[in-house]
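Let me begin by presenting the structure, written as structure tokens, before commenting on it.
The values are calculated or read from the model by the stated rules, or taken from the named source; none is laboratory data. It should be emphasised that the depicted structure is a prediction, and the values quoted were computed from it without experimental measurement. Neighbour counts run over all protein chains shown; Cβ positions are idealised from the backbone, glycine included. Heads up: the accessible areas ignore ligands, DNA and RNA and are worked out on the full protein's heavy atoms, side chains in. Shrake-Rupley method; radii C 1.70, N 1.55, O 1.52, S 1.80 Å.
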Amino acid sequence: MQTDFAERVGKVHGLERGLQGSPARHERVQRAYAHLSDPDAAVSLPERRKGAILGIGGETDAEWRQRASEAASDALRGVQAARHRENRDHAAEVFALKQQITGTPKMQTELSKLQHENRRLQRDLKATETRAELIAQQNRRLGAIQDGMVAGGRAFARENGLDEKAFMTRLQTAAKEALEALDAPAAQPTVKAKAPTRTRI
């Protein structure tokens, strides 16, 4: 079966049939697994088989080189597989660390929403602070006007021989009534009821 396979498949791809009836042992699988489990182990080339009496059944140079090449190739595959596993594990670890730093996609979406909301609140706060400053300016202006009116009222009362205290009380009362009228809710306009319409028959 091996010879038939070598004839039909192997030759097409430039492969040669191994020595028919060779006493070679199946070492490659054991060797490959050994290098998979310990990729840093030293590559040991197989001993050349000397054969029985007078070298009968011994390995040729070509056969020994072939086995040595297979041993080196198996070691290299073991190293490559181990490095591939290390790279895969490293990539998984890097991904896990990134997830811890940046969060999951759901967390990133939530963070983006919170940042957007924070920017909106910052704008609202700035606008509120601006309005508060304008109101404070208006209050300072109104305070200055009030102080000027009080000083002017007292001077007017003195110049015209009026009772200063009574004059100031009257001004304060007038100001209070004006504020009360300003703060009172606007009177609702009265709606006149429509006269019933007469229908002609």
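The figures follow:
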{"quantity": "Modelled FRET efficiency - R0 35 Å, R170 with Q137, Cβ distances, 0.05 increments", "calculated": "0.70"}
{"quantity": "Probe 1.4 Å, protein heavy atoms only - accessible area per residue of segment 84-168 in square angstrom", "calculated": "88"}
{"quantity": "Accessible-area composition of segment 107-168, carbon plus sulfur, in percent [1.4 Å probe]", "calculated": "57"}
{"quantity": "Radius 11 Å from Cβ of D124, net charge of other residues (Lys, Arg +1; Asp, Glu -1)", "calculated": "+3"}
